[in-house]
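Novice: Once you've had a glance at the structure underneath, I'll fire off some questions.
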Amino acid sequence: MSILNADLHCHSTVSDGTLTPEALATRAHANGVELWALTDHDEVGGQHRARAAAQALGLRYLTGVEVSVTFASVTVHIVGLGFDPDHPALLQGLAATRGGRGERAQEMSEQLAKAGIPGAYEGALKYVGNPELISRTHFARFLVESGVCRETNEVFRKYLTEGKPGFVPHRWARLGDAVRWIREAGGVAVIAHPARYSHSATQEYALFSEFKEHGGQGVEVVTGSHAPSEYGKYADLALEFGLAASRGSDFHSPDESHTDLGALPYLEGRLTPVWELIADRVQ
Ligand code: AMP
Ligand code: MN
Ligand code: MN
Ligand code: MN
């Protein structure tokens, strides 16, 4: 079961990806993905489309979402898999999580204007597929288009991360709430790309402990958001905390993402694949 080309993390135009759910399904299938989940940020509006497109291709599908959470003052992402995409508590929680994005984007734009970059809100909006889901990625695309930076990575480094002119601190969902919404909707919660967070070792340990106490069951080990040298550490932590392991490219765009759908090493055989926990929810 660990030798399976599962890709359980990617983004469509419903959040900050550039491909539609249908185009992602086609690309995943063409790349040899055997089990797929679309995991848009804070939004399940693409789930029915993704599932229908996957089923038309004979590609096995799990529902997915990536919830923004604030833990120890740092933004953490929790992936949910195999849930009911119409569950009221989940829909309500996600709507509340999306709620502050518009105002945050206006503030980001004001700060960027003060730093000499006018019109960023309107500019970012041109890239937004879902008006409730304006994200830093859309600002990054505008700043690249307008020639301020060469690529999105550079925009984040210079403008959109903590301490930089366009960064606006934001309070997202609470860890326990995000895990609860996913579980109440019948899914499993997974810590996304743990190596990406700026927590201290103590805070990272607390994240894993509290996640587990809230009923979290998985952690991403093999992800396009980790360097291969980071896989081993999180494989060890998965075993230490009794968490299943997940695998996903975190693909956003053919032009921006360095890891394509399905283009990842397999999970190590010593790990329990997260899809084993939700085999009955594969559609
Ligand atoms: P937001 O939810 O608006 O804070 O935006 C977060 C998104 O920004 C992430 O999901 C990534 O897609 C993107 N992102 C964050 N950091 C970087 C980076 N260093 N380079 C490129 N994209 C990034
Ligand atoms: Mn993203
Ligand atoms: Mn993420
Ligand atoms: Mn992601």
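Novice: Once the piece of chain linking A72 and E34 is laid out straight, how much longer is it, given 0.36 nm per residue of separation minus the C-alpha distance between them?
Specialist: Numbers: separation 38, 0.36 × 38 = 13.68 nm, distance 3.63 nm.
In short, 10.1 nm is gained.
Novice: Here's another thing I want to ask about it. Fewest Cβ neighbours within 10 Å first, please rank Y266, Y197 accordingly.
Specialist: Working: Y266 14, Y197 18.
Ranking Y266, Y197 by Cβ neighbours within 10 Å, fewest first, gives Y266, Y197.
Novice: Going toward the positive end of the dipole of the range 101-160, with +1 on Lys and Arg Cβ and -1 on Asp and Glu Cβ, which of C149, S135, S109 do you reach last?
Specialist: My answer, from the dipole projection, is C149.
Novice: Can you list the GluC sites (Glu not before Pro) in the range 1-101 that are in a DSSP coil and have 15 or fewer other beta carbons within 10 angstrom?
Specialist: On the way: sites: E22, E34, E43, E66; in loops: E34, E43.
Answer by residue number: E34.
Novice: Treat the count of other C-beta atoms within 10 Å as a stand-in for reagent exposure and order S68, S225 from fewest to most. Intermediate values should be presented prior to the final figure.
Specialist: Working: S68 22, S225 18.
Fewest-to-most Cβ neighbours within 10 Å comes out as S225, S68.
Novice: I'd like the FRET efficiency for T161 and E240, computed as 1/(1 + (r/R0)^6) with the beta carbon distance as r and R0 of 45 Å, rounded to 0.05. Don't skip to the end; give the middle numbers.
Specialist: Numbers: r = 30 Å, r/R0 = 0.66.
Efficiency at R0 = 45 Å is approximately 0.95.
Novice: Which of the pairs K114/K233; K126/K212; K126/K164; K164/K233 have their Cα atoms more than 32 Å apart in this structure? Display every interim value, and only then the final one.
Specialist: Working: K114/K233 42 Å; K126/K212 40 Å; K126/K164 23 Å; K164/K233 30 Å.
Result: K114/K233; K126/K212 exceed 32 Å.
Novice: Same structure again: Diagonalise the Cα gyration tensor of the range 150-201 and give the resulting equivalent ellipsoid semi-axes, square root of 5 times each eigenvalue, largest first, whole Å.
Specialist: Details: eigenvalues 169, 33, 28 Å².
The three semi-axes for the range 150-201 are 29, 13, 12 Å.
Novice: What span do the alpha-carbon atoms of the range 6-139 cover on each of the three principal axes, reported in whole Å from largest to smallest?
Specialist: 51, 30, 23
Novice: Find the all-direction average of the projected area of the Cα convex hull for the chain, expressing the result in square nanometres with one decimal place. Walk me through the intermediate numbers first.
Specialist: On the way: hull surface 53.0 nm².
Mean orientational projected area (the chain, Cα hull): 13.3 nm².
Novice: To the nearest 20 Debye, how big is the dipole of the range 101-160 about its Cα centre, given +1 on the beta carbon of each Lys and Arg and -1 on that of each Asp and Glu? Before the final figure, lay out each step's value.
Specialist: Details: 9 positive and 8 negative charges, 38 e Å.
My answer is approximately 180 debye.
Novice: Then there's this: Where does the range 101-160 land on Rg/Rh, using Cα atoms and the Kirkwood Rh? Before the final figure, lay out the partial values.
Specialist: Working: Rg = 10.2 Å, Rh = 11.1 Å.
A ratio of 0.92.
Novice: Amide H neighbours of G187 under 5 Å, counting only residues 5+ apart in sequence or on other chains, H built in-plane at 1.01 Å?
Specialist: Here the answer is D84, since their amide H atoms fall under 5 Å of that of G187.
Novice: Still on this structure: Using Cβ counts within 10 Å as a stand-in for footprinting exposure, how do L143, L277 rank, fewest first? It would help to have the intermediate numbers written out before the result.
Specialist: Details: L143 26, L277 17.
By the 10 Å Cβ count, ascending: L277, L143.
Novice: Pop out the ³J(HN,Hα) list for the range 121-128 in order, Karplus 6.51 cos²θ - 1.76 cosθ + 1.60 with θ = phi - 60°, rounded to Hz; leave Gly and Pro as x.
Specialist: Taking θ as phi minus 60°, the curve returns 4, 5, x, 5, 4, 5, 9, 7 Hz for the range 121-128.
Novice: For the range 41-162, what is the charge dipole size about the Cα centre, in debye to the nearest 20, if Lys and Arg each add +1 at the Cβ and Asp and Glu each add -1 at the Cβ?
Specialist: Numbers: 13 positive and 14 negative charges, 60 e Å.
Computed about the Cα centre, the dipole is about 280 debye.
Novice: Now for a separate question. Quick check for me: using +1 on Lys/Arg Cβ and -1 on Asp/Glu Cβ, what's the dipole size of the chain about its Cα centre, in debye to the nearest 20?
Specialist: It works out to roughly 300 debye.
Computed from the coordinates by the stated procedures, all read-outs in this text should not be read as laboratory data. Here the structure is a predicted model, which means the values were calculated and not measured. Glycine also receives a Cβ, built like all others from the backbone with ideal geometry; neighbour counts cover every protein chain displayed.
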